[in-house]
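The values are calculated or read from the model by the stated rules, or taken from the named source; none is laboratory data. In this text the structure is predicted, and so the values were computed from the model without any measurement. Virtual Cβ from ideal backbone geometry, glycine too; neighbours counted across all protein chains shown. To get the accessible areas, we keep the full protein, side chains included, count just its heavy atoms, and leave off ligands, DNA and RNA. Shrake-Rupley method; radii C 1.70, N 1.55, O 1.52, S 1.80 Å.
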Amino acid sequence: MVSVRVKDHMVSQPVTILQSATIAEAARAITEHKVSGVVVVDDAGLVVGMLSELDCLRNLLSEAYNGQAFGGEAVALVMTTPVVTCAADADIIGIAESMLANKQRRRPVVDQGKLVGQITCRQLLGALLDFGT
C-alpha cells in the first residue's frame, strides 16, 4: 500500500539560503541545484521565507533596467512571507489541495519550526501516480 504521508515523499534536504544572502547568491544556488526555488532560513535554521526563480529574475531584471548594483539586494527584502508550512505526518491529498488553492509549487516541511524537508508538486505527482497503480 502506498503511503499518503508527506514524510514518505518529501525531499529530506531541500536547498536553503540564509535570509542575509544576496539575490545573486540565491540565483546561483537555484541554477546550480536545478530547482525552481529555495527555502529561506535564519541563522537558527528556522524557516522565514520562500524565494523562487521568478522572484530572482524579477529582481535582477529590475536592477539591470534601473542601472542598480546587480544582485546585491538581500534575499530578506524579496522573499515571500509569511510561509505556509506543513508537518511531516500531513496527508498528501490535503497538502496537494492546499498547494493548488494557494498556487504554490513547494511547501517546507517543519518540526517545531525547524526545516526537515520540502514537498513539491513533482513529489506529489509521483505519490499520486504510485497511489493510482
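Run down 62, 36, 20, 52 and say which single residue is under 23 Å from residue 103 (Cβ atoms) and more than 16 Å from the chain's Cα centre (by Cα).
Numbers: 36 fails: more than 16 Å from the chain's Cα centre (by Cα); 20 fails: under 23 Å from residue 103 (Cβ atoms); 52 fails: more than 16 Å from the chain's Cα centre (by Cα).
Going through 62, 36, 20, 52 in turn, just one is under 23 Å from residue 103 (Cβ atoms) and more than 16 Å from the chain's Cα centre (by Cα): 62.
Among the residues in the range 103-122, are any within 16 Å of residue 14 (Cα to Cα), in contact (Cβ under 8 Å) with a residue 12 or more places away in the chain and in a helix (DSSP H, G or I)?
Yes - at least one qualifying residue is present in the range 103-122.
Residue pairs, Cβ under 8 Å, 6 or more apart or interchain, first in the range 4-19 and farther than 16 Å from residue 52 by Cβ, second open to solvent by 60 Å² or more (accessible area, probe 1.4 Å) and of a type outside the set (Val, Ile, Thr). List them.
From the range 4-19, the pairs are 4/131; 5/89; 6/89; 7/89; 18/43.
For every residue, the table says whether it meets (1) more than 19 Å from residue 41 (Cα to Cα); (2) among the hydroxyl-bearing types (Ser, Thr, Tyr); (3) in contact with a helix residue (DSSP H, G or I) (Cβ under 6 Å, 6 or more places away or on another chain).
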{"site": "65", "(1), (2), (3)": "yes, yes, no"}
{"site": "70", "(1), (2), (3)": "yes, no, yes"}
{"site": "73", "(1), (2), (3)": "no, no, yes"}
{"site": "78", "(1), (2), (3)": "no, no, yes"}
{"site": "84", "(1), (2), (3)": "no, no, no"}
{"site": "99", "(1), (2), (3)": "yes, no, no"}
{"site": "110", "(1), (2), (3)": "no, no, no"}
{"site": "129", "(1), (2), (3)": "yes, no, no"}
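Given the residues 92, 119, which is the only one that is over 12 Å from the mean Cα position of the chain (by Cα) and either closer than 22 Å to residue 53 by Cβ or surrounded by 14 or more Cβ atoms within 10 Å (Cβ to Cβ) (or both)?
Matching residue, one of 92, 119: 92.
Residue 51 - would you say it is at pLDDT 95 or above, closer than 25 Å to residue 129 by Cα and of a type in the set (A, V, I, L, M, F, W, C)? If you could, list the steps in order and put the result at the bottom.
Working: at pLDDT 95 or above: yes; closer than 25 Å to residue 129 by Cα: no; of a type in the set (A, V, I, L, M, F, W, C): yes.
Judged against the criteria, residue 51 is not a match.
Given (1) closer than 16 Å to residue 50 by Cβ; (2) modelled with pLDDT of 95 or more, identify the lone condition not met by residue 82.
All conditions are met except number (2).
Suppose the filter is among the hydrophobic types (A, V, I, L, M, F, W, C), farther than 14 Å from residue 106 by Cβ and in contact with a Leu (Cβ under 6 Å, 6 or more places away or on another chain); does residue 26 pass it?
Spelling it out, residue 26 is indeed among the hydrophobic types (A, V, I, L, M, F, W, C), farther than 14 Å from residue 106 by Cβ and in contact with a Leu (Cβ under 6 Å, 6 or more places away or on another chain).
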